[in-house]
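Right, one structure below, let's go through it.
The values are calculated or read from the model by the stated rules, or taken from the named source; none is laboratory data. Only a predicted model underlies this, so the values are computations on that prediction, with no experimental measurement involved. Using ideal geometry, Cβ is built from the backbone for each residue, glycine included, and neighbour counts are taken over all protein chains shown. Surface areas here come from the heavy atoms of the whole protein model, side chains and all, with no ligands, DNA or RNA. Shrake-Rupley method; radii C 1.70, N 1.55, O 1.52, S 1.80 Å.
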Amino acid sequence: MKRAVAVGLGLLCITCTVPDIDELEAERPSGCDASHPCHVQVRLTYDGFRPGCVTLRVADAEDASRTFELSVPEGAGETGFVRRSGWSDTVKVTASARERSCAGQEVATASTQVEVPEEDTASVALTLSALDEDGDGYVSTATRGTDCDDHSVSISPGVEERCDFLDNNCDGRQDPVPVCEGIEWRTTERLPLATFRDVAPHARGQAWLVSDNNDVLAHVRRQTDGGFDVQPFTDCHGAWSTAWARPSDGRVFMGSWMGQLATRSLVAEEPCTLTSFDGGGAAIQDLVGFEADGGTTLYAVSETGDILRWDYPAEPQRVEHVDADLRSIHGLDSRTLITVGTNGKGPVAYHVNADGGPWLREPLPQAASGQDALQTVHVVAPGLAYAGGDQGLFLERSAGTWSTKPPYPIYVDGGVAPDLLDVVSFGQGVVFAHLDSDDLVRFDGVAWQDFLFGTQGFTTLKGLTSDELWSATFDGTGFYWGPDAHE
């Protein structure tokens, strides 16, 4: 669903009478403040993007050679000016916005004419519109910007090229030499007591692995020598099914097959904390979290259709219940959340209600026989998401509408496509998937490509950035694909 974001920025208070215009201009050319009120106030609204730089150009309507420019202070949604001495009563006001900085591409302009009163202050409103759907500060090329893929924060002219099957910097080249040299799948030391069910990356080369037996958690850190430092913990008592880790400090949050929620820090001396939430024994099947404004908020879903909100360190609360077995939840923030699963008759998807009301069920394409559930969902940008499920069910959500994409190919006569148990995407040209055939594969926007065939029982696939992926296995081994730790 494409989102038009109206950004109301803070106000710069500017109102006054000017006792001596020539003196004022000498001190502050065409400026004004609380003691020298403006002749014209301009209210600015930014629709669909946040500008890196905004300027105001003022011209005399009767003599276009008479002009001046003002920089709009960062964070200001209102600015103003004093008409210069000798000008006519009518001026043309033009606001201009650039992406990223004042040296960036001009992406939006808006103009109006205004009659300047002898006394008091005239007010005008201008709206600057552009599209930065992925929120990376670069505006889509469709709206005069330089972002060649506005569905991916991993792609824009300012991004360093990475080994990730993407043209990161919009120069027309994908993974140019030598960015992929030395990058391959690497494995951690096996923990014999663990059956890893999920992985929660939180920083470059760092992740938590959670097990559903023997109370095992393990924090993994990539070492500069190519190996891994694995730190096990056994004080979080539960059969852990899912996890999310906080990027700021690595604290991990977990859900269990028995409906428990718990959290642990990286500090060995700090105990694991089990919340008081009573899930009635219903499995917590997925978790996602966000950090914003100094707080941490998580959302979890259960097999009985509960949607939980956890504003840590407060206790988790049940905020919604739907008639479904919910398998997965994901979003970029609390406004873009999508959860998927099955209602026993077929696959279902719900998205969060921006008005705070009940979550809204989304129409899905007709599924084939045997495609009874969606198992996973990943939100790439407000206008792009992917979901996967039973017997090759693979869906793309673009501009608010789900469509069916090609399943992983069937190579055995009379067979069915494998289930997609996890998907991770960083743009329309790269979707990674974990299959129930014990394989990790990649969809390039057109067809499926092999990535890693497994023999140990892959249970998960996660990634924070496009050039780092994590997986784990039933036998207590972690898998990592990405650059060396010093990069």
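The residues of the stretch 340-440 have, on average, 39 Å² of accessible surface per residue, using a 1.4 Å probe with all protein chains present. For the stretch 364-377, the Karplus equation 6.51 cos²θ - 1.76 cosθ + 1.60, evaluated at θ = phi - 60°, returns couplings of 10, x, 4, 8, 7, 4, x, 8, 8, 8, 8, 9, 7, 9 Hz by residue, with Gly and Pro reported as x. The residues of the stretch 27-171 expose on average 44 square angstrom of accessible surface per residue, using a 1.4 Å probe on protein heavy atoms. About its Cα centre, the dipole of the stretch 192-290 is roughly 280 debye, where the only charges are +1 on Lys and Arg Cβ and -1 on Asp and Glu Cβ. Express the relative contact order of the stretch 263-391 as a whole percentage, based on alpha carbon pairs under 8 Å and six or more residues apart in sequence. Dividing the mean separation by the residue count of the stretch 263-391 yields 16 percent.
Full extension of the chain between THR465 and SER334 gives 45.2 nm of extra length, using 0.36 nm per residue less the Cα-Cα distance.
Please report the relative contact order for the stretch 121-216, taking Cα pairs under 8 Å with a sequence separation of at least 6, and give it as a percent rounded to a whole number. RCO, the stretch 121-216: 12 percent. The dipole here belongs to the stretch 46-200: it is taken about the Cα centre, uses +1 on the Cβ of Lys and Arg and -1 on the Cβ of Asp and Glu, and is about 200 debye.
Taking amide hydrogens as placed 1.01 Å from N in the peptide plane, the amide H of ASP419 sits under 5 Å from those of GLN391, GLY392, ASP436, SER437, each at least 5 positions away in sequence or on another chain. Between the listed residues TYR138, THR404, SER211, the Cα displaced farthest toward the positive end of the dipole of the chain, a dipole computed from Cβ unit charges relative to the Cα centre, is found at THR404.
Each of CYS102, THR455, THR79 was scored by the projection of its Cα onto the charge dipole of the chain, and the greatest displacement toward the positive side belongs to THR455; charges sit on the C-beta of Lys, Arg, Asp and Glu.
Of the residues VAL379, ALA417, VAL352, the one whose Cα sits farthest towards the positive end of the charge dipole of the chain is ALA417 (charges of +1 on Lys and Arg Cβ, -1 on Asp and Glu Cβ, taken about the Cα centre).
Here the label points at ALA142 and ALA64, each 7 Å from Cα along the C-beta direction, are separated by 3.3 nm in the simple model.
In the stretch 59-166, the DSSP beta bridges split such that about 95 percent are antiparallel, to the nearest 5.
Put one equal scatterer on each alpha carbon of the stretch 408-487, apply the Debye formula with no solvent term, and list log10 I(q)/I(0) at q = 0.15, 0.16, 0.17, 0.18 1/Å to two decimals. These q points yield log10 I(q)/I(0) values of -0.54, -0.61, -0.69, -0.76. Each Lys and Arg Cβ is given +1 and each Asp and Glu Cβ -1; about its Cα centre, the stretch 234-284 then shows a dipole of about 160 debye. D by Stokes-Einstein for the chain, Kirkwood Rh over Cα pairs, 37 °C, 0.692 mPa s: 131 µm²/s.
Taking every lysine pair in the chain that is 8 or more places apart or spans two chains, those with Cα atoms closer than 28 Å amount to 4.
The value for the stretch 191-323 of Rg(Cα) / (2.2 N^0.38 Å) is 1.02.
Taking 0.36 nm per residue of separation and subtracting the Cα-Cα distance, full extension of the segment from ARG173 to GLU362 would add 64.4 nm.
Near SER129, the amide H atoms lying under 5 Å from its own belong to ASP47, THR109; only residues 5 or more places off or on other chains count, and H is placed 1.01 Å from N. Here r is the Cβ-Cβ distance between ASP47 and SER403 and R0 is 25 Å; the resulting FRET efficiency, rounded to 0.05, is 0.40. Counting only protein heavy atoms and a probe of 1.4 Å, the accessible surface of the chain is 47% carbon and sulfur.
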